[in-house]
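K.L.:
The structure that follows is given in the form of structure tokens.
The values are calculated or read from the model by the stated rules, or taken from the named source; none is laboratory data. Bear in mind that the values here come from a model prediction, so they are computed numbers and not experimental data. Cβ placement follows ideal geometry from the backbone for every residue including glycine, while neighbour counts extend to all protein chains displayed. Note: accessible area is taken over every heavy atom of the protein model, side chains too, but ligands, DNA and RNA are not part of it. Shrake-Rupley method; radii C 1.70, N 1.55, O 1.52, S 1.80 Å.
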Amino acid sequence: MKYISLLGATGSIGTQTLDVIRNHPDKFRLVAMSVGQNIALTRKIIDEFNPEFVVVKNRDDYESLKSEFGSDIRFSYGEEGLVEAAVYGKSDVLVNAVMGSVGLFPTLQAISAKKTIALANKETLVTAGHLVMNAARENGVSVLPVDSEHSAIFQCLQGEENNPIERLIITASGGSFRDKSREELTNVTINEALNHPNWSMGAKITIDSATMMNKGLEVIEAHWLFKLPYEKIDVLLHRESIIHSMVEFQDTSVKAQLGSPDMRVPIQYALSYPERLPLQNGSRLNLAEIGKLHFEEMDFNRFYCLKLAYEAGKVGGTLPTVLNAANEAAVSAFLNRRISFLKIDELIENALERHTVIKHPDLDTINKIDQETRVFINSLF
Ligand code: NDP
Ligand code: MG
């Protein structure tokens, strides 16, 4: 039995993680969880999964849940609560499915507490990949990918421990605007941006997919997870999202991982690794029915955020922190109808250009730069 602590239980990844736990009650048990502000769903999750410890974002929600559920369950709130849930004594695995760099500190603390990390929260690796991976190495802790592309690469690498990787090929569906030119993006609406062709996900990552920043964040995530230079990480447009990513080896052999798009597959693999388990109501891949798979080269001018992410990743130091924080602030402004879609990459580029890079930043420096960048972005509109 693996005891699980789940951060972001009410989100897209969170609820799919709960589905995996629900379908394997003999393998997994939810002991601690955190949510943001969706208290109606939180009540349902508590009733069904009966966790020991629950963290909410705000104090008011904490007070009302505490009086509602009595002393059977322990509650906490805020960022301190998030850390308490991440290091919860009984848990073996932390599933980090919160959105944004708020997931960084809880992840570092869970690594120190020797928890296995199942990481969906890619912003954590983008903003401070060196701190996370160094801490994991020092503590002998595994960081297992939940992101579908990285899970695909991880699956392709099983049994290849001693074989150097020649190249990673990360596939990209192209997001909601893949068939639009840059000019056609001028007046796109939030609802159009939120309408992803292949995946149903949280709002922020759906916008990141439309700008292609999601793929940029994933390139940086892959750099840290698989210890590869950026020159060996390619992105390929593949609109069907059937090949989840590929690995090329020295002998030119390429391994790919395929499957119907379903995030429960990578989530479950991270939880059951190295074992595989049946997937409840999983849709089997039928290639004859699909008939054709399509691939296109990435256009870095059309998908300008991808170019910015490669550049920030290659420079390193605090620049990926700026990239991530600027993106979080700009996407939030777009979702709040304060800026237009094309303003997102413009604001991010502004933040990157004015920043003086600090090499090998510590946690305090990263937090400071993250906050300063958000303030700067919000001063631009
Ligand atoms: P959602 O927006 O659906 O869920 C985010 C979760 O985090 C919710 O439980 C939300 O709470 C909670 N949350 C948000 N902000 C805070 C905060 N400040 N403090 C505490 N909790 C907070 O996001 P997704 O599930 O789509 O994504 C989560 C992470 O996984 C992201 O890093 C994303 O990039 C990554 N990911 C997602 C994929 C997907 O298919 N969705 C695929 C690959 C990676 P509440 O709703 O209760 O307010
Ligand atoms: Mg992904």
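K.L.:
Pull out the extension gain between residue 354 and residue 44, defined as 0.36 nm times the separation in residues minus the alpha carbon to alpha carbon distance; nm, one decimal.
P.N.:
107.0 nm
K.L.:
Where the only charges are on Cβ atoms (+1 Lys, Arg; -1 Asp, Glu), what is the dipole of the chain about its Cα centre, to the nearest 20 debye? Don't skip to the end; give the middle numbers.
P.N.:
Working: 39 positive and 49 negative charges, 73 e Å.
In total the dipole reaches around 360 debye.
K.L.:
Based on DSSP H runs of at least 4 residues, each adding -39500 (n - 2.57), what is the mean residue ellipticity at 222 nm of the chain after dividing by all its residues, to the nearest 500 deg cm²/dmol?
P.N.:
Numbers: 16 runs with 176 residues, N = 381.
For the chain, the value works out to -14000 deg cm²/dmol.
K.L.:
While we're here: Between 73, 89, 100, whose Cα lies farthest towards the positive end of the dipole of the chain when Lys and Arg beta carbons carry +1 and Asp and Glu beta carbons carry -1, centred on the Cα centre?
P.N.:
Of the options given, the answer is 73.
K.L.:
I would also like to ask the following. Just to be sure I understand the model, the point goes 7 Å from the Cα along the line to the Cβ. What's the resulting residue 191 to residue 276 distance in nm?
P.N.:
Modelled inter-label distance: 4.1 nm.
K.L.:
Okay, next question. Report the calculated FRET efficiency for residue 227 and residue 112 (r = Cβ-Cβ distance, R0 = 22 Å), to the nearest 0.05. Spell out each step's value before the answer.
P.N.:
Numbers: r = 21 Å, r/R0 = 0.97.
Approximately 0.55, to the nearest 0.05.
K.L.:
Tell me which aspartates and glutamates have Cα within less than 16 Å of residue 27's Cα, excluding those fewer than 8 residues away on the same chain?
P.N.:
Partners found: 19, 92, 275.
K.L.:
Considering only 332, 298, 357, whose Cα is most displaced toward the positive end of the charge dipole of segment 286-379, charges sitting on Cβ of Lys, Arg (+1) and Asp, Glu (-1)?
P.N.:
The residue sitting farthest along the positive end of the dipole is 332.
K.L.:
Calculate, for the chain, the solvent-accessible area per residue in square angstrom, rolling a 1.4 angstrom probe over the heavy atoms of the protein chains.
P.N.:
For the chain, the per-residue accessible area is 44 Å².
K.L.:
Who wins for biggest fluctuation among 209, 253, 151 in a Gaussian network model of the chain, springs between alpha carbons below 10 Å?
P.N.:
Greatest mean-square fluctuation among the candidates belongs to 253.
K.L.:
So which residue, out of 295, 105, 53, gets the largest mean-square fluctuation from a GNM of the chain using Cα contacts under 10 Å as springs?
P.N.:
295
K.L.:
Now a separate question. Identify the trypsin sites (Lys or Arg not before Pro) of segment 290-322 meeting these criteria: DSSP loop state and at most 12 other C-beta atoms within 10 Å of the C-beta. Provide the component values of the computation, followed by the final result.
P.N.:
Details: sites: 292, 302, 307, 314; in loops: 292, 302.
Of the trypsin sites (Lys or Arg not before Pro), the ones in loops of segment 290-322 whose Cβ has at most 12 other Cβ atoms within 10 Å are 292.
K.L.:
What is the percent carbon and sulfur in the accessible area of segment 173-294, measuring with a 1.4 Å probe over the protein chains and ignoring ligands?
P.N.:
Values: 2810 of 5800 Å².
Looking at segment 173-294 in its full context, I get 48 percent from C and S.
K.L.:
Long-range amide H contacts for residue 100: which residues qualify at under 5 Å (H placed 1.01 Å from N, peptide plane, sequence gap of 5 or more or a different chain)?
P.N.:
Residues meeting the amide H criterion: 123.
K.L.:
If you roll a 1.4 Å probe over segment 295-369 with all protein chains in place, what percent of the accessible area is carbon or sulfur? Each step should come with its number before you reach the end.
P.N.:
Details: 1550 of 3460 Å².
That fraction is 45 percent.
K.L.:
Also, quick follow-up: Could you pull out every residue, at least 5 positions away or on a different chain, whose amide H is within less than 5 Å of the one on residue 28? Hs are placed 1.01 Å off N in the peptide plane, and Pro or chain starts have none.
P.N.:
Excluding prolines and chain starts, which carry no amide H, the hits are 2.
K.L.:
Pick from 160, 149, 221 the residue whose mean-square fluctuation is largest in a GNM of the chain, springs joining Cα atoms under 10 Å.
P.N.:
160
K.L.:
Can I ask one more? Treat each spin label as a single point 7 Å out from the Cα along the C-beta direction, and report the residue 161 to residue 27 distance in nm.
P.N.:
Rounded to a tenth, the inter-label distance reads 2.2 nm.
K.L.:
Let me ask something additional. Quick test of the membrane-span-like rule: which DSSP H helices of the chain reach at least 18 Å along their long axis (C-alpha atoms) with mean Kyte hydropathy at least -1.0? Before the final figure, lay out each step's value.
P.N.:
Values: long enough: 122-139 (21 Å, -0.23); 213-226 (19 Å, 0.28); 319-335 (24 Å, 1.06); 363-378 (23 Å, -0.41).
Helices passing the filter in the chain: 122-139, 213-226, 319-335, 363-378.
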